1. For R169, state whether it is basic (K, R), more than 28 Å from Y198 (Cα to Cα), in a helix (DSSP H, G or I) and without any contact (Cβ under 8 Å) to a residue 12 or more places away in the chain.
2. If you go through the range 198-221 one residue at a time, how many are basic (K, R), within 19 Å of E185 (Cβ to Cβ) and over 21 Å from the mean Cα position of the chain (by Cα)?
3. Give the residues of the range 255-282 that are over 17 Å from E336 (Cα atoms) and either among the acidic types (D, E) or free of Cβ contacts under 8 Å to residues at least 12 places away in the same chain (or both), sorted by residue number.
4. Can you go through L99, L107 and tell me which one is surrounded by fewer than 16 Cβ atoms within 10 Å (Cβ to Cβ) and of a type in the set (A, V, I, L, M)?
5. Look at the range 210-233 and say how many of its residues are free of Cβ contacts under 8 Å to residues at least 24 places away in the same chain and touching a Phe, Trp or Tyr at 6+ places or on another chain (Cβ under 6 Å).
6. Residue check: is A188 surrounded by fewer than 16 Cβ atoms within 10 Å (Cβ to Cβ) and under 29 Å from L123 (Cβ atoms)?
7. When you look at D41, is it modelled with pLDDT under 95, at positive phi and either aromatic (F, W, Y) or not in a helix (DSSP H, G or I) (or both), yes or no?
8. Just to be sure, is A154 buried (at least 20 other Cβ atoms within 10 Å of the Cβ), over 25 Å from N90 (Cβ atoms) and either small (G, A, S) or in contact (Cβ under 8 Å) with a residue 60 or more places away in the chain (or both)?
Amino acid sequence: MSMQLKKYEDVRIYSKKYLDEDSKSYQDILRFYTISLLKLDKLDDALEQGQILLKRFNNSENYELLANIYFEREEYSKSEKYFESAYVSNISGQTLTNLVDVLYSYLNKKEKAISYLETHIRLYGCEGGVCSKLFSFYREQRNIDGIISVLKKAFYEYKKDGNIHAMNRTYKFLIAYLEQKNLDEAIAFLEKNDIDEYKLLSLYQKKDYKKKSLKLLYKIYKKTGNIDLLAQIAILEFEIAKDKRKVLKEVITKFESALMVLDNHIYQNFLGYLLIDYNVDVDKGLALVKKALEKAPNNVAYIDSLAWGLYKKKECKKAYTQMKKVIDAIGLDEKEIRFHWNKIKECK
């Protein structure tokens, strides 16, 4: 209890009082005595008792205690030597983290520290905080391949052990670094492990993998019934289709179903433009585009849709006024914009 309360002076007094070489508890009492001296900053005395302890009881605990004494004395090379002996005599992740801290931060033996950790993790795994320690070293050195490697090791180990909290925490770091390094590598990891479908979808979209996006959208939509996904499906189906008229009816139906629930200006404009461009229902299309413009009045894509609808209604002057705003804003680089502009200029 005294040790727990850090009443080290009491410990020093009582442990010294009961030191008896013939006692079965001699090793424990001598260790308590040595630790109390260390904590009281009586480093010369602690070193003397620690050497006696190790000479009499040669084990990893006592090697590590002596290593800590040398560390407090700032004799880092000797601390390294004794931490190594402790580690070799009893392979322990916690002992290794102490050793590599000395190597990395106090002796500038950074590569040796990293090599120790890499070997240990390969043979024994992450227990004892070694993966976290290696991650911190790699991060300091900005070694993204190393970071990804150790995070993957930790992720799979936590997954195997059923440690869901640690696995999820590790995953968040891992996917961020994978995304930073290479989107396709991040995608491959997510596909392999069948996790975080929304993240996978966002990466497909970043890479413009339309067919993969569509397949995954259907999968998530069937599981969740999320109506927003139905609208996203409609967009992709239309964009992927070689014969757009062939899918037009189904696409419109999906958008109409989605917009019965959603008030989304992106989907309102998309459906509105389809109704206008394919002459399905120009009036309804214009009404949807105007709804979209109420929410985003400066969106040039929506203004273009409005101008095109007005053109279809033969309201040429209004169409020209709106289309001129688009041209002034973004120019004539886009093929569809040039086509609309030329048609509207000819409108009489």
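The values are calculated or read from the model by the stated rules, or taken from the named source; none is laboratory data. Please read all numbers here as calculations on a predicted model, not as lab measurements. Cβ sites come from the backbone with ideal geometry, for glycine too, and all protein chains shown count toward neighbours.
1. On the way: basic (K, R): yes; more than 28 Å from Y198 (Cα to Cα): no; in a helix (DSSP H, G or I): yes; without any contact (Cβ under 8 Å) to a residue 12 or more places away in the chain: yes.
So R169 does not fit the description; no.
2. Applying the first criterion (basic (K, R)) to the range 198-221 yields 199, 206-207, 210-212, 215, 219.
If we keep only those that are within 19 Å of E185 (Cβ to Cβ) too, we end up with 199, 206-207, 212.
Then drop every residue that is not over 21 Å from the mean Cα position of the chain (by Cα), which leaves 212.
The total comes to 1.
3. E256, M260, D263, D281
4. Numbers: L99 fails: surrounded by fewer than 16 Cβ atoms within 10 Å (Cβ to Cβ).
After applying the criteria, what remains is L107.
5. Filtering the range 210-233 for residues free of Cβ contacts under 8 Å to residues at least 24 places away in the same chain gives 212-213, 215-226, 229, 232-233.
Those left that are additionally touching a Phe, Trp or Tyr at 6+ places or on another chain (Cβ under 6 Å): 212-213, 229.
Within the range 210-233, residues that are free of Cβ contacts under 8 Å to residues at least 24 places away in the same chain and touching a Phe, Trp or Tyr at 6+ places or on another chain (Cβ under 6 Å) number 3.
6. Values: surrounded by fewer than 16 Cβ atoms within 10 Å (Cβ to Cβ): yes; under 29 Å from L123 (Cβ atoms): yes.
Yes.
7. Numbers: modelled with pLDDT under 95: yes; at positive phi: yes; either aromatic (F, W, Y) or not in a helix (DSSP H, G or I) (or both): yes.
The answer is yes for D41.
8. Values: buried (at least 20 other Cβ atoms within 10 Å of the Cβ): yes; over 25 Å from N90 (Cβ atoms): no; either small (G, A, S) or in contact (Cβ under 8 Å) with a residue 60 or more places away in the chain (or both): yes.
No; evaluated as a whole, the condition is false for this residue.
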